[in-house]
Each structure stands twice: as structure tokens, then as C-alpha cells.
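In what follows, a single structure is set out as C-alpha cells and then discussed.
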Amino acid sequence: METHPRAVLIAGPTASGKSALALRLARECDGVVVNADSMQVYDRLSILTARPSPEDLSAAPHRLYGHVDPRLPYSVARWLAEVAVELDRAAVERRPAIIVGGTGLYFRALTQGLSDIPAIPDAIRARWRDFAAVAGPQALADELAARDPLMAARLRPSDTQRQTRALEVIDATGRSLADWQSVPKAPPLLDPAYCERLVLMPERAWLHGRINRRFDAMLALGALDEARAIDALDLSADLPARRAIGVGPMIAAARGDMPLDAAIERAKAETRQYAKRQMTWFRNQMTDWRAVDPAQI
């Protein structure tokens, strides 16, 4: 932390008010807001990922929002490299960095370090993505069980993204991803002792109400048109941007495969389920963070 100003880390489930709190702090202390949400990095996905509005983006410096083509994959390793640049930039500008988002793995890598896994050749990445898309989840799970039973036992059968990643790693390196993860990590970018770490933990009913109202607002802003534009890109099903919460139901509605009312309810339900998974992760993994009820802020 000798080269960086004090940082504030704000984690929390979707729709809990993280971005608004980060903006408020940035305006109060002349800080810079840095994105730690794995979906808000994508361009062409501003509405359905609840990216800060143009007005908010202009009210304080915001970094790492909407800078990645949704047709490309994006990883925690790439985010960590990019956030290191932003921390250095904030240090030069003598601004506090306010790092905000709902992707717990980003915060863990930031404060605990990341295993040094070699880069995977593009050909190997493409081969396993194609395999996942054509063969389907069960064949992918079976292949991983045969080639890397240790990682197969750790992953849910439905987690095709991480199963594909595990197969890429063992194919490219000859070693299980579990082996690489056991190697001592590179030092973290931020020492938790020098950061203010907040995790927003709202009451369920309060959060569900916000989720429902926010999705209604997304529709008014053009969420259906945004989903239609994403659908026109013909993204592979294994690309993260294609699996953003709400995108699937809205694409189904745009195609006429699902009534709009049903798609809206499906998207809201998916968002509530995602928020529940986030809060479980935060509760288990961020025991030393300061929990805050956003309704009381």
C-alpha cells in the first residue's frame, strides 16, 4: 500500500445499491470508482447489467465499465491485470480507489492473490468451447470426470464454464487445475489491513422489492432492444456475456419464443436466485468484512 492511496472495497448482491454508494463516496472524497462486476465490463450490455447511467458515469471517474467486446471471453486474471493499472493511475492522481461490484472472486483475487496458471493456447480454448457447445453439459461433465476426477468432484455438473476451464488447463498443461490452485499465489495487489472493506447484506424482502422495481425500470430503458442486439451477435452459449442474468429470457421474448410477461417473471426470478447465491458466498467467504444493511445507509 506504500504506492497506493487508501482503497475502499464495496461488495454486495445485485440491486443492493452498491453503485450508488460508490458514487456517493467518490464525490465526497474525490475518488475514482473501479468496477468489480464481471458482467458490467461488457459493452452493448449496459441496461441488463445495471451499469451506472451516463449521468452517474459523468459525475465521477469510472473505470473498467463497458470496455470488453461481448464476443470475447473475460477472466479474473485479465481483470486483476487491468485493476492493477487503475490502482497505479489512482495513486498518481492521488485519488482513493473505490472498487465496487458483486463478483466475489474478483475481490478474493484482489486481496488474496491469484494462482499463476500459464496462458492457455487459443486453439485449445476453442476446442473445448466447441465441445461444450456441441456435446452438451453431460458429455462435458463425463469428459472432465475421466480426465480430471479431482476437479470434477469440486464442480457442479451444471457449471459448464468452470468445467470447460478445467479441461482447458489439464489439456494445455498436463496438470489439474486443482494442482495449479495449490501453488503459492502471487502477492495480492491490496493488503486488506489497509483497505476499508464493506459488504452490503440487505434483508431479503427489501432486496426482492428492489430487484423487481429495477427490472421494470430496465424494460422502460430498452432492455428488450438490448437483448435483441445481443442476440444478433450470435454469441456462443459458453461466453459469459450470453449468460448474463436476464439476457436469456429477454432474448426468448424478443424472438417470440416466450410471452413477454413470462420472460419478465423468469428474469426477475433468475435475479433473485442469483442474489441468494451471492449472499451465501459473501456470508461464507467474507467473514472479516464489515457487513452493512444498505437500507440503513
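We did not get these values from a lab; they are worked out from the coordinates using the rules stated. Since the structure is predicted, the reported quantities are computational estimates derived from the model, not experimental observations. Quick reminder, even Gly has a Cβ in these numbers, built from the backbone with ideal geometry, and neighbours come from all protein chains shown.
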- line: Spelling it out for Val34: with amide H atoms placed in the peptide plane at 1.01 Å from N, the residues 5 or more places away or on another chain with amide H under 5 Å from its amide H are Arg63, Ile98, Ile99, Val100
task: Determine the shape class of the chain: with a ≥ b ≥ c the square roots of the Cα gyration tensor eigenvalues, call it rounded for a/c under 1.5, and otherwise prolate if a/b is greater than b/c, oblate otherwise.
output: oblate
task: For region 153-297, evaluate the Debye formula with one uniform point scatterer on each Cα (no solvent term) and list log10 I(q)/I(0) at q = 0.10, 0.19 Å⁻¹, rounded to two decimals.
output: -0.54, -1.19
- prompt: Distance in nm between label sites at Asp142 and Gln273, each 7 Å beyond Cα in the beta-carbon direction?
  reply: 2.5
message: Using DSSP H assignments, which helices in the chain have an axial alpha-carbon span of 24 Å or above and a mean Kyte-Doolittle hydropathy of -0.5 or higher?
response: 76-93, 204-221
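If you put +1 on each Lys and Arg Cβ and -1 on each Asp and Glu Cβ, how big is the dipole of the chain around its Cα centre, in Debye rounded to 20? Intermediate results must be reported in sequence, preceding the final value.
Numbers: 39 positive and 37 negative charges, 117 e Å.
For this selection, approximately 560 debye.
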field: region 122-182: C-alpha gyration tensor shape, a/c 1.5 cut-off, then a/b vs b/c
entry: oblate
query: Plugging the Kirkwood radius over Cα pairs into Stokes-Einstein for region 22-115, at a temperature of 4 °C and a viscosity of 1.567 mPa s, what D comes out in µm²/s?
result: 95
query: So what is the relative contact order of region 206-297, in percent, for Cα pairs below 8 Å that sit 6 or more residues apart?
result: 27
task: With a Förster radius of 22 Å, plug the Cβ-Cβ distance of Ser75 and Asp288 into 1/(1 + (r/R0)^6) and report the FRET value to the nearest 0.05.
output: 0.30
- line: The lysines whose Cα lies under 19 Å from the Cα of Lys276, excluding any fewer than 8 residues away in the same chain, are Lys18, Lys268
- line: Counting sequence-distant residues (5 or more places) and residues on other chains, those with an amide H built under 5 Å from that of Gly66 are Val41, Tyr42
message: About the Cα centre, and with charges only on the beta carbon of Lys, Arg (+1) and Asp, Glu (-1), how big is the dipole of region 122-182? Nearest 20 debye, please.
response: 140
message: Taking the square root of 5 times each eigenvalue of the Cα gyration tensor, what semi-axes in Å does the equivalent ellipsoid of region 204-277 have, largest first?
response: 21, 14, 10
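Subtract the Cα-Cα distance of Gln181 and Arg94 from 0.36 nm times their separation in residues, and report this length gain in nm to one decimal.
Gain on extension, Gln181 to Arg94, equals 27.9 nm.
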- prompt: With the contact rule set at Cα under 8 Å and sequence spacing of 6 or more, what percent relative contact order holds for region 122-182?
  reply: 33
message: At 222 nm, what value in deg cm²/dmol follows for the chain if DSSP H runs of at least 4 each add -39500 (n - 2.57) and the sum is divided by all its residues, to the nearest 500?
response: -16500 deg cm²/dmol
message: Can you give me the C-alpha center-to-center distance between region 39-65 and region 76-116, rounded to a whole angstrom?
response: 17
